[in-house]
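Structure record follows, encoded as structure tokens.
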Amino acid sequence: MPVSENQGFNTRAVHAGQAFEPRTGAVVPPLHFSSTYAQDGIGGLRDGYEYGRGGNPTRDALQEQLAALEGGTHAFSFSSGLAAEDSLIRALTRPGDHIVLGNDAYGGTYRLINGVLGDWGIGNTPVDMADLDAVAQVVRANKTRFVWVETPSNPLMRITDIEALAKVAHDAGALLVVDNTFASPYLQTPLALGADVVVHSTTKYIGGHSDVVGGALVVKDAELAEKIGFVQFAVGAVSGPMDAFLTTRGLKTLGVRMDRHSFNGQAVAEWLLERPEVEAVFYPGLPTHPGHELAKKQMKGFGGMVSVQFKGGEAAARTVAENTSVFTLAESLGGIESLMNYPSEMTHASVKGTELAVPVNLIRLSCGIEDIEDLIADLEHSFTFLR
Ligand SMILES: *Cc1c(COP(=O)(O)O)cnc(C)c1O
């Protein structure tokens, strides 16, 4: 069934790129592993398919689904979120260009931009994305190509006004890149708010089951799409067919999963807020969160990510992180199972000692889709070790 923009999110999620197979009527399109395609005479390509790096029907199905859900015209699927980011930067920047990014950007993104691409002549300045005047100043003072934001950010859950930031970027002739990994297209569609490029680690909510690593870029402009498509093909960090299939399979249920993640995230955040051991809770669904009103305006829900700081400092954070059983101590997020992360030594170890460092008394929870009573009981039990 071809989908239209007017259809609801879940209808598009289930059907975009998923037309049944015409020969057999198989409702789930077949998974194509072939690395190459027979030609009808030299250059006689069937439907444009020539070689697996350049095109694969299973990957194309995922790309169509991603574009339909983000409200873009083109989507590109990669072997990881960072491979997507690397391809984006290679496609659209040149030596001497500058990237202005949030000062609480995902550690791996900062490592790529600063630690790898810095040597190739790409400059960067981390800034507080909540202070739009400061952002505008830094953007204008450099040859800024990208303003790069994560909202909600990782792990402090800061909310940035995408529409206002797009204006800041565009006024300076820069592009706005939004890493939409935390919100997912179910909760937030940055292209509709003026962003030029959406980045995803599809490893997280989009794949949703912690069983596949992948990344994606989505745009709404043909010229940007052409440049990104060229690098995707020429560099070749594409997702393999099985990865693309698993990602598509996960993406079909994104809406129902996000509703449950958001429900559990809200309940966990509210429970934490009442605990005497807790110093601060970071969750945009809490009225006490500084970005709450903006999040209500710009998002359709608040998601399953909650960060918490402990009065007992580093020792307390480590104790809770190491004493849960429903929450598994592991990096990553966005899967159906709840995960617990100690960013300072785990996901954000690469930014330790830099201005992007994460407080040592903070843990980050990825609330899965388990029953809320069991999540709370698990946290309650881990808190008994604090006494
Ligand atoms: C995980 C993550 C990435 C990197 O994606 P990979 O799939 O691990 O390469 C980028 N941005 C955010 C916000 C992430 O959480």
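The values are calculated or read from the model by the stated rules, or taken from the named source; none is laboratory data. Quick caveat: nothing in here was measured; it's all calculated off a predicted structure. No Cβ is skipped: glycine too gets one built from the backbone with ideal geometry, and neighbour counts run over all protein chains shown. Calculation scope for accessible area: heavy atoms of the full protein, side chains included, ligands and nucleic acids excluded. Shrake-Rupley method; radii C 1.70, N 1.55, O 1.52, S 1.80 Å.
In the chain, the DSSP beta bridges split such that about 55 percent are antiparallel, to the nearest 5. Give the distance, in whole Å, between the Cα centre of the stretch 1-33 and the Cα centre of the stretch 194-221. One Cα centre to the other: 19 Å. Per residue of the chain, the DSSP helices (runs of n ≥ 4 H) give a summed -39500 (n - 2.57) that works out to -10500 deg cm²/dmol at 222 nm.
Suppose R0 equals 35 Å. What FRET efficiency, 1/(1 + (r/R0)^6) with r the Cβ-Cβ distance, do residue 387 and residue 337 give to the nearest 0.05? After rounding to 0.05, the efficiency reads 0.80. Per Stokes-Einstein, at 4 °C and 1.567 mPa s, what whole-number D in µm² s⁻¹ belongs to the chain, with the Kirkwood radius over Cα pairs as the hydrodynamic radius? Using the Kirkwood radius from Cα pairs, D works out to 60 µm²/s. Annotation for the stretch 280-378: trypsin sites (Lys or Arg not before Pro) lying in DSSP loop with at most 13 further Cβ atoms inside 10 Å of their Cβ are 311. Highest mobility in the GNM of the chain, judged by mean-square fluctuation with C-alpha springs under 10 Å and restricted to 191, 132, 339, is found for 132.
For the residue pairs 143/296; 204/252; 220/296; 167/297, the C-alpha atoms sit more than 23 angstrom apart in 143/296; 220/296. Counting heavy atoms of the protein chains alone, residue 210 has an accessible area of about 70 Å² for a 1.4 Å probe.
Averaged over its residues, the stretch 321-369 has an accessible area of 35 Å² per residue, based on protein heavy atoms and a 1.4 Å probe. Summary of the geometry: the stretch 289-334 and the stretch 110-188, compared by the centres of their Cα atoms, lie 22 Å apart.
Taking the DSSP bridge list for the stretch 255-386 and keeping only pairs wholly inside it, about 85 percent are antiparallel.
Size of the stretch 192-288 from its Cα atoms: along the principal axes, largest to smallest, the extents are 55, 31, 23 Å. Please figure out what share of the DSSP beta bridges in the stretch 168-220 is antiparallel and state it in percent, rounded to the nearest 5. Counting only bridges with both partners in the stretch 168-220, antiparallel ones make up about 60 percent.
Extension gain for the segment residue 167 to residue 349, taken as residue separation times 0.36 nm less the Cα-Cα distance, is 62.2 nm to one decimal. Taking the accessible area of the stretch 1-111, probe 1.4 Å, and keeping the other protein chains in place, the carbon and sulfur fraction comes to 53%. Give me the percent of the accessible area of the stretch 255-386 that comes from carbon and sulfur atoms, probe 1.4 Å, all protein chains in place. Carbon plus sulfur share of accessible area: 55 percent. Counting only protein heavy atoms and a 1.4 Å probe, the stretch 190-301 has 40 square angstrom of accessible area per residue. Could you tell me which of rounded, prolate or oblate describes the stretch 294-360, using a ≥ b ≥ c as the square roots of the eigenvalues of the alpha-carbon gyration tensor, with rounded for a/c under 1.5 and, failing that, prolate when a/b is larger than b/c and oblate otherwise? Oblate shape, in that a/c is at least 1.5 and b/c is the bigger or equal ratio.
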